[in-house]
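See structure below.
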Amino acid sequence: MTKPAKKPALGRGISAIFGNSPEVAINSIKDKNADKIVGNIIELELDLIETNPFQPRTSFNEEELQGLASSIEELGVVQPITVRKLDGENKYQLISGERRFRASKLARLKTIPAYIRIADDNESLTMALVENIQRQDLDPIEIALSYQQLIEQVNLTQDQMSKRVGKKRSTITNYLRLLKLAPIIQTGIRDGFISMGHGRAIIAIENPEQQAEVYQRIISDNLSVRDTEELVRRLQNSETPNVVSIQIPKSNNSKTEVPTYIKENMSSFNHFFGTKVTVKMSKNGKGSLTIPFSSEEDFKRIQSLLHKKDE
């Protein structure tokens, strides 16, 4: 069948605006011709864009990027990236949209729709961090590090951050407290071995070595958050605190075993959707599949995959 038509370009290219001699001396909104690009969406050459050194996210799932690249090949870039014009150069720096930028390169596009801003380093850092905090697919440690950067480099108070990112101050405080955990535990949260709830329970222990012992106990005994809270409580009340020797009543959180026929086929689901699909089973044998998405663009990518499957 014929492929669906790609979305039309969202803006004109630099050459269409300035001809063959693009204006490069636009450093403020008051400069000549600034109104032609600043605050507008234009088709910007990928080669003119550099990544943002302030980007809090350091790792990108290659499988998801390939899935997004396939979607871009079919539908084009749905949501423009945001860039800032660099002083005195015909170069631009990413503020937000690095996944779209990387995927567009994988799709071998020459240009990408971009919203142009004039921003200094502090503004760029703030916009990049706030945009990342609002994402749904960041792990708790990445979010905590973003909050910490806003405090240390932009000199924002927790109250100011609360207003800027639309989160309660108590929520921000809870994230920042995770950075007091031993490094091995922070890594465990980032890699998904334990949850933020586990981490919050461990924070009550000040000794980093004892924190690590509790972490190992959580992994080895598959403790729930409630189990961990009880372990920490008993550990703090014990006269001779020894993590291994403390007995706790296991909470009744047994899960229905996922059948073999599902386990054997989950990798094909993950590969097809370009993301980790999860399955839940009930005791009567019925189940459900959950397909996570991180943005409107990611949702539309998954939607297009299902439409192509129907065809």
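The values are calculated or read from the model by the stated rules, or taken from the named source; none is laboratory data. Worth saying up front: this structure is predicted, and the values here are computed from it rather than measured. Glycine also receives a Cβ, built like all others from the backbone with ideal geometry; neighbour counts cover every protein chain displayed. Accessible surface areas use protein heavy atoms only, side chains included; no ligands, DNA or RNA. Shrake-Rupley method; radii C 1.70, N 1.55, O 1.52, S 1.80 Å.
Find the accessible area per residue for segment 149-259; the probe is 1.4 Å, ligands and nucleic acids are left out, and the unit is Å². Intermediate results must be reported in sequence, preceding the final value.
On the way: 6870 Å² over 111 residues.
On a per-residue basis, segment 149-259 sits at 62 Å².
Given a Förster radius of 35 Å and the C-beta distance between L46 and N270 as r, what FRET efficiency does 1/(1 + (r/R0)^6) yield to the nearest 0.05? Each step should come with its number before you reach the end.
Details: r = 29 Å, r/R0 = 0.82.
The value I calculate is 0.75.
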Query raised in the report: Taking amide hydrogens as modeled 1.01 Å from N in the peptide plane, which residues meet the under 5 Å criterion relative to T278, leaving out close sequence neighbours?
Result: T290
**Report entry** Exposure ranking of I151, I302 by accessible area [1.4 Å probe, largest first]
**Finding:** I151, I302
Report summary line: Projected onto the charge dipole of segment 156-241 (unit charges on the beta-carbon of Lys, Arg, Asp and Glu, signs +1, +1, -1, -1), the Cα from L179, L156, Q236 with the largest positive-side position is that of L156
Report summary line: A correct Karplus calculation of ³J(HN,Hα) over segment 60-73, with 6.51 cos²θ - 1.76 cosθ + 1.60, θ = phi - 60°, whole Hz and x for Gly and Pro, returns 10, 5, 5, 5, 5, 4, 5, x, 5, 4, 5, 5, 5, 4
Report summary line: Once M266, M161 are ranked on solvent-accessible area with the largest value leading and a 1.4 Å probe, the list reads M266, M161
Report task. Apply the Karplus parameterisation 6.51 cos²θ - 1.76 cosθ + 1.60, with θ equal to phi minus 60°, to every residue of segment 103-114 and state each ³J(HN,Hα) to the nearest whole Hz, in sequence, with x for glycine and proline. Result -> 5, 5, 5, 5, 7, 6, 6, 9, 10, 8, x, 9
Report task. Enter the accessible area of E296 (Å², nearest 10), with the probe set to 1.4 Å and all protein chains included. Result -> 110
**Report entry** For segment 212-218, Karplus couplings with θ = phi - 60° (6.51, -1.76, 1.60), whole Hz, Gly/Pro x
**Finding:** 5, 5, 5, 4, 5, 5, 4
Requested in this report: Quote the relative contact order of segment 156-252 in percent (integer), defining contacts as alpha-carbon pairs under 8 Å separated by 6+ residues.
Outcome: 20
Query raised in the report: What accessible area, in Å² to the nearest ten, does a 1.4 Å probe give for K286?
Result: 140
